[in-house]
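Let me begin by presenting the structure, written as structure tokens, before commenting on it.
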Amino acid sequence: SPMDTHDITPDRSGSRQNLIEAVIGLALLVLAFFAIASSDVSATGTRTYWTLLILLFAITAFVSDRMHTDHGIAHMPSAVTIALHWLGIFFAIQIVHYFVTTGRMANADIGLTNGLVLALGTYLFGVYSNWRMATIGIALAIATAGVAIIEEFIWFLFIVAVIAIAVLFLGARLARK
């Protein structure tokens, strides 16, 4: 399949790679959860954080694409596609911030809106490149929806993160077999 053309590795290093990818997925989720929660407190103060978070997701997506496809490090068509994809996410989140600063959108909604934009962008990247990113996008979307519904969101986010990591780890093992 075009999604995982380089997943043929020895079991021990594959297992280590699965663990590393699961930890990176967890870190991305935790950083995104923190951005959503922080945005409720200070929307304007988190604009730089959201920008850095998108950059981190973009770099992770690029590395993930290189690890799980037969694209070489200098494969320009895929690099341009990845850059344009994440640039679109960046601009969408900048527009959300603009809506808040001009009073067209409530300050309290910025975290949820940005979380949903980031979730959609991550999911869509995963659809055309790597199922692992799609899993992170789905977990982020569920967590964002959960935060909107449940006020005590720390435990909810923890449960979503644990389930997402289990899916990433088990999915990688099944994809190998």
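The values are calculated or read from the model by the stated rules, or taken from the named source; none is laboratory data. Note that the coordinates shown come from a computational prediction; the quantities given were computed from them, not determined experimentally. Cβ coordinates were reconstructed from backbone atoms using ideal geometry, including for glycine residues, and neighbour counts include every protein chain displayed. Quick note on the areas: whole protein, heavy atoms, side chains included, nothing else; ligands and nucleic acids left out. Shrake-Rupley method; radii C 1.70, N 1.55, O 1.52, S 1.80 Å.
Summary table
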{"item": "Protein accessible area in region 70-177, 1.4 Å probe - carbon and sulfur %", "result": "76"}
{"item": "Solution diffusion estimate, µm²/s, Stokes-Einstein, region 83-137, Kirkwood Rh from C-alpha pairs, 20 °C, viscosity 1.002 mPa s", "result": "184"}
{"item": "Stretch gain in nm, segment Phe91-Ala106, where the contour uses 0.36 nm per residue and the Cα spacing is subtracted", "result": "3.5 nm"}
{"item": "Estimated FRET transfer efficiency (Leu84, Tyr49; beta-carbon r; R0 22 Å; 0.05)", "result": "0.45"}
{"item": "Förster radius 22 Å - calculated FRET efficiency between Val30 and Val63 (Cβ-Cβ, nearest 0.05)", "result": "0.75"}
{"item": "Probe 1.4 Å, protein heavy atoms only - accessible area per residue of region 29-100 in square angstrom", "result": "49"}
{"item": "FRET efficiency for His75 and Leu170, using Cβ-Cβ distance with R0 set to 30 Å, rounded to 0.05", "result": "0.50"}
{"item": "Ratio Rg/Rh [Cα only; Rh per Kirkwood] for region 32-86", "result": "1.14"}
{"item": "Ala37 versus Val23: modelled label distance in nm, points set 7 Å from Cα along the beta carbon direction", "result": "2.2"}
{"item": "Nearest-10 value in Å² for the accessible area of Ser129, using the 1.4 Å probe", "result": "10"}
